[in-house]
Amino acid sequence: MSVRHELLEAILTPGVFDKPYPDLEAKQLEAARELFAVRKDQIGLLRRRAEDAGIAEISSTKDLVPLLFAHTAYKSYPQSFVDQGRWDRMLQWMQTLSVDRTDNVDVEGVRDVDDWIHRLREAGHMVLATSGSSGKCSFLNHTRGDSAMKRRHASVAVGWPFVRGNKDRACFFLGPSEGPNSAIEASQNNAANFGRPGDIHFLTDEPLLMSEISRAAALRTRMAEGTVTPDEIEAFEAEARAKAARMNTALNAMTELILARRHEPIYLTGMWAQHMMIIERARKLGIPDGDFNPQAVVSAGGGVKGVALPPDYKEQVARFYGNVIRPTAYGMTEMAQMMPRCEHMRYHRAPGLIWLLLDASGERLLSAEDGPNGVVEGRFGFLDLLYEGRWGGLITGDKVTIDFASECPCGRPGPTILDTITRFAQSGDDHIGCAGTIDSYIRSSITQ
Amino acid sequence: MNIQANPPPLPVPHVVKGEAIYGVEQNYGRFATPALDLNAMVWPRNEPAPARDIPVAEIIDVLVAVGERLTKDPDGSLAEALERSVKTNPLPRDVLERSYASLGRIFNRRLMEFQVEQELGGADVIDGWREVTTTSGRLARIRAFPTRLVHIIAGNAPGVAAQSVIRGALTKCVNLFKLPSNDLFSATAILRALSAVAKDHPVARSFSAAYWRGGDASVESKLFRPQFFDKIVAWGGESTIRGALKYVGPGFELVAFDPKTSISMIGREAFASEEALDNVASRAAFDATLMNQQACTSSRFQFIEGSVADVDRYCARLQAKLGEQRPTASATPIPLPSNVRDELDGLRAFEDEYRVFGGYEGRGLVVRSDAPVDFYPDNKIVNVVCVADLRDAVRHVSVATQTVGVFPAKRRVELRDALCSAGAQRVVALGLAQPEGGLPHDGFYPLHRFVRWVTDEGDRD
């Protein structure tokens, strides 16, 4: 077995997060060396980056730094290819970021981006998509095997160190059951790991459609060009309102179900605003705070941008569910092996995940010597060794603090990431210039 | 242990009604300012603007003296501001040096007289009451009356601060400048020169400048009120404009120098000869690299008619010229942001449709394509877009398009109405993107918008 596979298989070792892994740093370096040696000939963009940086092999973790992709690499295709339905071109683009050949995908008669993703998935490319605020979607390829490995990782990491999935809970996911998005994939994994078959509930079986996002983007482009009529904007917004109303109805129905079963050890995940709606209903029914089964698993998250929430929404949600199990993890679409948080509010990593803490500019690798007592703040980067379908190296926009100490205050092995994760803003200050993009302000806003 | 020592924060002075204030009570990390004294920075409505009755001619004399002082810099305070700007402004040193060296020339007597003449229709209407007779025979007098302005100025070119001082002074308004973090020193250096040449002069007392973090509600919700200011003059940045909009209402008006993008349009006449092509590429490179392509007037997209082979010849020449040093551009390489590099790497998969000229070292880069790229070309990057006819490019023009440089002149005349209908505000000959004073800016006359147009109607006495 290669060193890389040895590290990935370690997730199945009982107590993988609890005990130090012998000689981990050297083994991670060796695994990165192995992986790069294979991938550089398979992934076009990685080869280009390696050539530009003059890196023929990985001899120290520093060599990985110029090989980390930013999230923008996964949306570097021209939007006009999507708008004009040039799916063969999109496959050609996807190839530069993929290990497996994408020319096995039949794009004949593809109607929209969801169709295209569906065809890719049929051909074994388990594409995940994300939608940025720009309206342009990222597409990340991985293999069916990668999907299975992610589920396996989740079976150990999700709930750690408080609870482990045992396929015996009623599960409530306040989102769609289907769709090429990492949050839905995570729900599906958690459903498989925690859910009692037949007792797994999603808010809707209406799949998440990426074409809705690209339609909104196309509408914005036409708004900028000045070719949209008021009726077209109204039709688009009416559709969005109708969908919001359907989701609202579904949430009301699910709320009744959740509240009825609150004394059972249910598994519940939703967004902050959704939890606030559940609380509102519970108050009307006279259900007091803290009336949930203490073995219930509840998590909340999601963006709160553009949602009207009281300033103390987190506290309200915490009080309402009371003393339930609240596992938390740090991860992102680009990462397969997300990092669970311990009782001491620190994030721990699996052996198959290499952390690369960088300076703010993302150019220099930081180490324990770069901060007082080995506690160092920087930009988070990583190489996820799991992926067979693409390169797992990424530089993020997250500002994290890593404690390089070999032991976490919880007594388990370090290093750990502190619970202080924020975003690196484009610039810390208020730089003002008179030049700008034709951004949303001219297109005016449309509801999505 | 290797702890990186942070340099001490740079002191940023404030100016309160003409008087420079020094202090470092408020620490922002890279720099520090005096404590903000909001009471000192507002002008109550019941107090007349100090410069209201000073003749424009006298104000121009003062401003000319400011320009002379900035050019001579006898006490080295401009040089000191330059050194500090070099540390905080993203522009390279040589561009800043040349901008600072030319600051004084902006305070040009003929130019300021031209501004008053063009934008207000003469000094008489701001110095006093201009009488007219209406169609019914009523006697009326019109005056351009000073207002109270809070300016959110842009920091991408020191000239913005100079132009804002000139406009604020010529209109006799009272002015508070909110300093941008990318140019913390130019405005105060100019105001210190103003106080030096005209100590306690009403014009000097009409200006304050301070830094607070843009959007800081604890400051802005108190200041941005009709009790204290009549208009907010907001430059750039969607977030600035949106931030200002929160406070705009009756009695507190927005004058927006919106964020803008500028473009070029090049007709097939450019390929008439090698000489012509070279000349066109030089002009286009000049327009693209204005303030190192950080200005709203800097060209970013260039639409061109021609065969792919011809357009590629143009792109190669343009790319070579983007890296040259000019008065408004530096030859110093600008590192390519990683997101732009990702976009370019993505496009390289389609070399037939997207050809990239130049490397990633930041000396200028051109992308040739059939449709505009999705990213924002910045830091000496130009997207050259092939079109069959320049008229096809008009659909890419909107109210966010400021300057359109066109070659040759005949095509400019043909296209200008269509461009302006689509929203463009300024159509110029290719190579003339650098603006001059006294002409409309972003579709309006700034001096005209700064003042309040008031009337006095009825018989003289």
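The values are calculated or read from the model by the stated rules, or taken from the named source; none is laboratory data. Every value quoted in this text rests on a predicted model; they were computed, and no experiment measured them. Using ideal geometry, Cβ is built from the backbone for each residue, glycine included, and neighbour counts are taken over all protein chains shown.
Listed here are the residues, each with its yes/no results for (1) modelled with pLDDT of 95 or more; (2) more than 14 Å from chain B (Cβ to nearest Cβ); (3) under 26 Å from A:Val158 (Cα atoms).
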position: A:Glu9; (1), (2), (3): yes, yes, yes
position: A:Phe17; (1), (2), (3): yes, yes, yes
position: A:Asp23; (1), (2), (3): yes, yes, yes
position: A:Gln28; (1), (2), (3): yes, yes, yes
position: A:Arg33; (1), (2), (3): yes, yes, no
position: A:Ala53; (1), (2), (3): no, no, no
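From the list B:Ala424, B:Ala409, B:Ala400, B:Ala393, which residue is surrounded by fewer than 18 Cβ atoms within 10 Å (Cβ to Cβ) and of a type in the set (A, V, I, L, M, F, W, C)?
Only one candidate passes the filter, namely B:Ala409.
The strands (runs of 3 or more DSSP E) falling completely within segment B:119-218 that include 3 or more residues that are within 19 Å of B:Gln26 (Cβ to Cβ) and either hydrophobic (A, V, I, L, M, F, W, C) or touching a helix residue (DSSP H, G or I) at 6+ places or on another chain (Cβ under 7 Å) (or both) map to B:207-210.
From A:Pro327, A:Pro311, A:Pro265, A:Pro340, which residue is closer than 23 Å to A:Phe380 by Cβ and either of a type in the set (Phe, Trp, Tyr) or not in a strand (DSSP E or B) (or both)?
A:Pro327
Here is the figure for segment B:219-247: residues that are touching a Phe, Trp or Tyr at 6+ places or on another chain (Cβ under 8 Å) and assigned to a helix (DSSP H, G or I) total 8. Look at (1) surrounded by 13 or more Cβ atoms within 10 Å (Cβ to Cβ); (2) away from chain B (no Cβ under 14 Å); (3) within 30 Å of the chain's Cα centre (by Cα) and you find that A:Thr221 fails only one, number (2). Being of a type outside the set (A, V, I, L, M, F, W, C), at the interface with chain A (Cβ under 9 Å from one of its Cβ atoms) and exposed (fewer than 15 other Cβ atoms within 10 Å of the Cβ) holds for only one residue in B:Arg213, B:Arg242, and it is B:Arg242.
Please work out if A:Val228 is among the β-branched types (Val, Ile, Thr) and either on the phi > 0 side of the Ramachandran plot or touching a strand residue (DSSP E or B) at 6+ places or on another chain (Cβ under 9 Å) (or both). Criteria not met by A:Val228. Within segment A:9-27, restricting attention to residues that are hydrophobic (A, V, I, L, M, F, W, C) and closer than 18 Å to A:Thr61 by Cα, the residue that is surrounded by the fewest Cβ atoms within 10 Å (Cβ to Cβ) is A:Ala26.
Residue selection: A:Asp100 satisfies the criterion of being touching a Ser or Thr at 6+ places or on another chain (Cβ under 7 Å) and part of a loop (DSSP other than H, G, I, E, B). Annotation: A:Pro66 fulfils all but one of (1) within 14 Å of another protein chain (Cβ to nearest Cβ); (2) closer than 26 Å to A:Arg215 by Cβ; (3) in contact with a helix residue (DSSP H, G or I) (Cβ under 8 Å, 6 or more places away or on another chain); the unmet one is (2). Within segment A:347-369, the set of residues being touching a Lys or Arg at 6+ places or on another chain (Cβ under 9 Å) and not hydrophobic (A, V, I, L, M, F, W, C) comprises A:Tyr347, A:His348, A:Pro351, A:Gly352, A:Asp359, A:Ser361, A:Gly362, A:Arg364. Checking segment A:77-92 against the condition returns a match, with at least one residue being at the interface with chain B (Cβ under 10 Å from one of its Cβ atoms) and among the small types (Gly, Ala, Ser).
Within segment B:366-379, restricting attention to residues that are at pLDDT 95 or above and more than 10 Å from every other protein chain (Cβ to nearest Cβ), which residue is farthest from the chain's Cα centre (by Cα)?
Restricting to residues being at pLDDT 95 or above and more than 10 Å from every other protein chain (Cβ to nearest Cβ), the top hit is B:Arg368.
Given the structure, is B:Asp417 without any contact (Cβ under 8 Å) to a residue 24 or more places away in the chain and either buried (at least 22 other Cβ atoms within 10 Å of the Cβ) or within 28 Å of the chain's Cα centre (by Cα) (or both)? Here the answer is yes, as B:Asp417 does meet what is asked. Scanning segment B:427-447 for residues that are within 18 Å of B:Thr261 (Cβ to Cβ) and within 13 Å of chain A (Cβ to nearest Cβ), we see that the one that is modelled with the highest pLDDT is B:Ala433.
Restricting segment A:407-428 to residues that are modelled with pLDDT of 95 or more and in a loop (DSSP other than H, G, I, E, B) leaves a set whose member that is surrounded by the most Cβ atoms within 10 Å (Cβ to Cβ) is A:Pro415.
When the criteria are applied in full, B:Gly29 meets the requirement of being within 14 Å of another protein chain (Cβ to nearest Cβ) and not in a strand (DSSP E or B). Count of segment B:366-391 residues, restricted to those that are part of a loop (DSSP other than H, G, I, E, B), among the β-branched types (Val, Ile, Thr) and either closer than 17 Å to B:Ala309 by Cα or touching a residue at least 40 places away in the same chain (Cβ under 8 Å) (or both), is 0. With the condition kept exactly as written, say whether any residue in segment B:403-420 is assigned to a strand (DSSP E or B), of a type outside the set (Val, Ile, Thr) and within 30 Å of A:Thr72 (Cα to Cα). Checking segment B:403-420: not a single residue is assigned to a strand (DSSP E or B), of a type outside the set (Val, Ile, Thr) and within 30 Å of A:Thr72 (Cα to Cα).
Scoring B:Ala51 on the criteria (1) surrounded by 13 or more Cβ atoms within 10 Å (Cβ to Cβ); (2) in contact with a strand residue (DSSP E or B) (Cβ under 7 Å, 6 or more places away or on another chain); (3) part of a loop (DSSP other than H, G, I, E, B); (4) aliphatic (A, V, I, L, M) leaves a single failure, condition (2).
Identify the residue in segment A:35-51 that is without any contact (Cβ under 8 Å) to a residue 60 or more places away in the chain and away from every other protein chain (no Cβ under 14 Å) and, among all such residues, is surrounded by the fewest Cβ atoms within 10 Å (Cβ to Cβ). Residue satisfying both the conditions and the ranking: A:Asp41.
For B:Glu80, the stated conditions hold: it is surrounded by 13 or more Cβ atoms within 10 Å (Cβ to Cβ) and either part of a helix (DSSP H, G or I) or among the acidic types (Asp, Glu) (or both).
Evaluated against (1) part of a loop (DSSP other than H, G, I, E, B); (2) within 14 Å of another protein chain (Cβ to nearest Cβ); (3) surrounded by 19 or more Cβ atoms within 10 Å (Cβ to Cβ), B:Pro90 falls short on exactly one condition, (3).
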